[in-house]
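S.K.: Sharing a structure with you now.
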Amino acid sequence: MTKRKLLPWTLGICAFAVACFYTARHWTIEIKVHAQVRATPFVLDTDYYNFEKQPQGELMERRVTARRSDGSTAVVYWLHWGRPYWRTSEIPFRTLTFLNGTGINVLDLITSRTMVKRDAGLAVLKERLVNPPPNCMYRFAGQENLLGNDTVAGQRVGVVEYLQQSPLHDNVLTETRTTMWLAPGLGCEQLQYRYQTKQADGSYKLMTEARLAFLKIGEPETSYFDPAPNYTEMKPSEVLK
């Protein structure tokens with residue numbers, strides 16, 4: 001067969017190989033998205049502190065993560081605006097991720113909700129729940145180190161350190177160090193967190209820290225996952241205004 005006749009065959013084979021690659025990749029993602037999940041249900045309460053102005057730290061956020069045994073996850077945020085969060089029973093903001101692909105952001109304070117797509121992270125979430133690595137080392141790209149294993153609230157965790165160059169004031173790059181306590185048995189959920197920046201003398205300054213308040217294993221209350229069907233439907237652009 002001449003080279004001229006061989007060229008169309010070669011191009012056709014290459015195109016077929018590329019098509020097979022992307023088809024297989026698409027099927028793999030689809031399989032992960034639609035795979036059945038059996039997760040460990042829990043409710044995780046975490047307090048986030050900022051240390052930039054106060055050495056003892058200032059409470060800036062309380063976050064509750066609730067996960068059902070089917071893998072659906074709700075995250076509730078209380079932002080600290082100068083009054084203790086324990087003096088109010090209001091829930092200002094919730095994000096709901098259902099394993100059928102539905103995502104809802106709920107603002108209970110103003111009785112509104114926004115339907116959103118969570119396609120990009122759904123397969124990743126399912127992979128974490130179905131097949132988490134032993135020490136949760138796959139979550140980040142870059143310089144990542146396993147500092148060891150520990151036990152937090154009865155859960156075995158991998159203590160993972162992540163180093164990177166990050167811009168701070170005036171866009172000057174500085175080395176930052178993030179340390180995470182990740183629980184493989186809970187889909188690599190973060191139980192504790194510490195973020196530090198490198199100083200001129202080589203030491204590290206603590207900037208933010210997440211402290212575990214409590215962890216309860218078991219099905220969470222249904223109120224976390226209330227989709228608020230009677231709330232006013234808003235578009236994502238309206239929420240950002």
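Here, each number is a calculation from the coordinates, and none is a lab measurement. Since we're looking at a predicted model, the values are computed, not measured. We place every Cβ from the backbone using ideal geometry, glycine too, and count neighbours over all the protein chains shown.
S.K.: In whole angstrom, note down how far apart the Cα centers of the stretch 53-74 and the stretch 164-215 are.
M.R.: 15 Å
S.K.: Would you list the P(r) distribution for the stretch 42-237, with all Cα-Cα distances sorted into 10 Å bins from 0 and each bin expressed as a whole %?
M.R.: 8, 29, 36, 23, 4, 0
S.K.: Still on this structure, I have one more. Just subtract the alpha-carbon distance of Ser223 and Ala120 from 0.36 nm times their residue separation and send over the number in nm, one decimal.
M.R.: My answer for the length gained is 34.5 nm.
S.K.: Can I ask one more? Given the Cα-Cα distance of Arg156 and Arg211 and 0.36 nm per residue of separation, how much length would full extension add, in nm?
M.R.: 18.2 nm
S.K.: For labels at Gln54 and Asn230 in the simple 7 Å Cα→Cβ model, what's the distance in nm?
M.R.: About 3.9 nm separates the two model spin labels.
S.K.: Would you please give the residues with an amide H less than 5 Å from that of Ala39, counting only those at least 5 places away or on a separate chain, with H modeled from the backbone geometry?
M.R.: The answer is Asp70, Gly71.
S.K.: Spelling out what I want: for every residue of the stretch 171-185, take phi, set θ = phi - 60°, compute 6.51 cos²θ - 1.76 cosθ + 1.60 (Karplus), and round to whole Hz; glycine and proline get x.
M.R.: Using θ = phi - 60°, the values come out as 6, 7, 6, 9, 7, 10, 10, 10, 10, 10, 9, 10, 9, x, x Hz.
S.K.: Right, next: For Arg118, which sequence-distant residues (separation of 5 or more, or a different chain) have an amide H within less than 5 Å of its own amide H, given hydrogens modelled in the peptide plane?
M.R.: Gly103
S.K.: So which aspartates and glutamates pass the test for Lys198, namely a Cα distance under 13 Å, with those fewer than 8 places away in the same chain ruled out?
M.R.: Glu175
S.K.: Next question, about the same structure. Whose amide H sits under 5 Å from the amide H of Cys188, counting only residues 5 or more places off or on another chain, with H placed in the peptide plane?
M.R.: Amide H neighbours of Cys188, under 5 Å, 5+ apart: Ala183.
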